[in-house]
Amino acid sequence: MRYLVVPSQETETWKEYLVSKGWMERTLSIEIEGSGRAIPLSNLFPNKAPIDLSKFDIIEKNAPIISPNDYLGFLKIKVGEKTYNEFENFWPQSFDQIGELIIIKLEKEVEIFAKEIAQSLLSQNKKATRIFQDLGVHGNFRIRKLNLIGGSEKLGGETKVRENGVEFFVDPTKGYYSPRLATERLETLECAVLLKEKLKRKLKICDAYAGFGPALMPLIKKNGLVDSIFANDLNPEVTTILQKNLIDNNKENINLRITCEDARKLISLNENIGFFDLLLVNLPHSTIEHLPTLIGLLNHSETSVLRAWSIIDSKRLDEVKTQIELLFTSENFSISKIIVEAARTYSPTQVYVKIEVWTN
Ligand SMILES: C[S@@+](CC[C@H](N)C(=O)[O-])C[C@H]1O[C@@H](n2cnc3c(N)ncnc32)[C@H](O)[C@@H]1O
């Protein structure tokens, strides 16, 4: 049996990621492996580890014999063996877990068993209180349409998550949140620490598409790192929770400004021009298109850093890098370092790219 060995404090993040891809062998338990944790891999896991997992070891280990006790085993008892076997190819094998919520896609063949699937998931996941059927992304804000199929309606869609040691609230029925980006957010923290060392002062940070604020949480938690945070999101239902998250976690009394604007208009306020040391841009389908209206927010007179994420055609990596270089030079920024690299595949032809630009 193959196991992926991850740092123990990141176990939940990688477990959720593997489960969402159908790559975790869910009939087996996670094992202690040295100072890390070994997560059992299903036979759907590719022979060559995907790029975002390549930093971890994959080991061969004898699996302990454990009786299958996952939700499918429970579902089989619930719907009866005959029905279970009849729909064998359609039962969902994977799902996303966000705090107390489970989000699952159902093939139309098994939608009539939504209640039984939800009850089985609830009985096998002690932490879960609500099960939502994922009906896909809709509208300008690209929010998932989620249909409650198990658990109490009164609880709504809000749930507390813990990521990189910080607790905050998200509501996937109102806005975007993905636990899969947790390691990107740790990298943002590392980048911010380096920038602070270079500038020898606390940072002024802008997250122009902040969502519920997951990227800002590890930054405000770090002692002595941040001078001020400007967090913006166009979705008012999201900014209400964003505000709560920032205030709850603001142990250092950092200056907070939270707005609900189209990020492309932030530059029209004089006080924002050239004000920020670190700018975060995460609107993956439109990042490249929006960048020209945003980079003027970066400080011109000292080193400043852009961290952005974008979904692009995998053949366009070099072209996008040149486009970003040209954009910075046209705005009179000199570039000391630029990274434009695929962090993971998004679709057969597209990659999810991380962008990091250091000026001066
Ligand atoms: C992909 S999410 C990223 C959220 C968060 N930064 C994260 O990493 O989870 C993009 C966010 O941008 C917001 N948004 C969409 N268009 C926007 C715009 N024109 N200006 C500001 N925010 C926008 C959406 O409401 C959403 O919360």
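For residues that are surrounded by fewer than 17 Cβ atoms within 10 Å (Cβ to Cβ), assigned to a strand (DSSP E or B) and away from the ligand (no atom under 16 Å from the Cβ), tally how many sit in the range 290-337.
4
State which residue pairs qualify: first residue not assigned by TED's automatic domain parsing to the domain that holds PRO292 and part of a strand (DSSP E or B) and inside the range 193-214, second residue of a type outside the set (Lys, Arg) and near the ligand (Cβ under 6 Å from one of its atoms) in any location, beta carbons under 8 Å apart, and separation of 6 or more residues or different chains.
none
For GLU163, indicate whether it is in contact (Cβ under 8 Å) with a residue 24 or more places away in the chain, buried (at least 16 other Cβ atoms within 10 Å of the Cβ) and within 16 Å of the ligand (Cβ to nearest atom).
So GLU163 fits the description; yes.
ILE254 passes all but one of (1) within 30 Å of GLY139 (Cα to Cα); (2) buried (at least 16 other Cβ atoms within 10 Å of the Cβ); (3) more than 9 Å from the ligand (Cβ to nearest atom); which number fails?
All conditions are met except number (1).
Only one of ALA128, ALA63, ALA118 is part of a loop (DSSP other than H, G, I, E, B) and crowded, with 19+ Cβ neighbours inside 10 Å; which? Spell out how you get there, then give the answer.
Working: ALA63 fails: crowded, with 19+ Cβ neighbours inside 10 Å; ALA118 fails: part of a loop (DSSP other than H, G, I, E, B).
So the residue among ALA128, ALA63, ALA118 that is part of a loop (DSSP other than H, G, I, E, B) and crowded, with 19+ Cβ neighbours inside 10 Å is ALA128.
Only residues that are crowded, with 17+ Cβ neighbours inside 10 Å and not β-branched (Val, Ile, Thr): list them for the range 32-48, please.
GLU33, GLY36, ARG37, ALA38, PRO40, LEU41, SER42, PHE45
Can you confirm whether the range 2-20 contains a residue that is modelled with pLDDT under 90 and part of a loop (DSSP other than H, G, I, E, B)?
Checking the range 2-20: not a single residue is modelled with pLDDT under 90 and part of a loop (DSSP other than H, G, I, E, B).
Could you list all residues from the range 257-269 that are near the ligand (Cβ under 9 Å from one of its atoms) and among the small types (Gly, Ala, Ser)?
ALA263
Tell me, which residue of the range 272-289 that is assigned to a loop (DSSP other than H, G, I, E, B) and within 12 Å of the ligand (Cβ to nearest atom) is nearest to ASN232 (Cα to Cα)? Reasoning before the result, please.
Taking the range 272-289 as the starting set, the residues that turn out to be assigned to a loop (DSSP other than H, G, I, E, B) are 273-275, 277, 283-286.
Then keep just the ones that are within 12 Å of the ligand (Cβ to nearest atom); that gives 283-286.
Working: LEU283: 12, PRO284: 16, HIS285: 18, SER286: 16 Å.
The residue in question is LEU283.
In this structure, is LEU148 closer than 21 Å to ILE103 by Cβ, surrounded by fewer than 19 Cβ atoms within 10 Å (Cβ to Cβ) and in contact with a Phe, Trp or Tyr (Cβ under 7 Å, 6 or more places away or on another chain)?
So LEU148 passes the test.
Looking at (1) free of Cβ contacts under 8 Å to residues at least 40 places away in the same chain; (2) surrounded by fewer than 18 Cβ atoms within 10 Å (Cβ to Cβ); (3) over 21 Å from LEU44 (Cβ atoms); (4) touching a helix residue (DSSP H, G or I) at 6+ places or on another chain (Cβ under 9 Å), can you tell me which one PHE113 breaks?
(2) is the only condition that PHE113 fails.
With over 20 Å from the mean Cα position of the chain (by Cα), modelled with pLDDT under 90 and β-branched (Val, Ile, Thr) as the only criterion, which of ILE58, ILE65 stands out?
ILE65
The values are calculated or read from the model by the stated rules, or taken from the named source; none is laboratory data. Because the structure is a prediction, the values reported are computed rather than measured. Cβ coordinates were reconstructed from backbone atoms using ideal geometry, including for glycine residues, and neighbour counts include every protein chain displayed.
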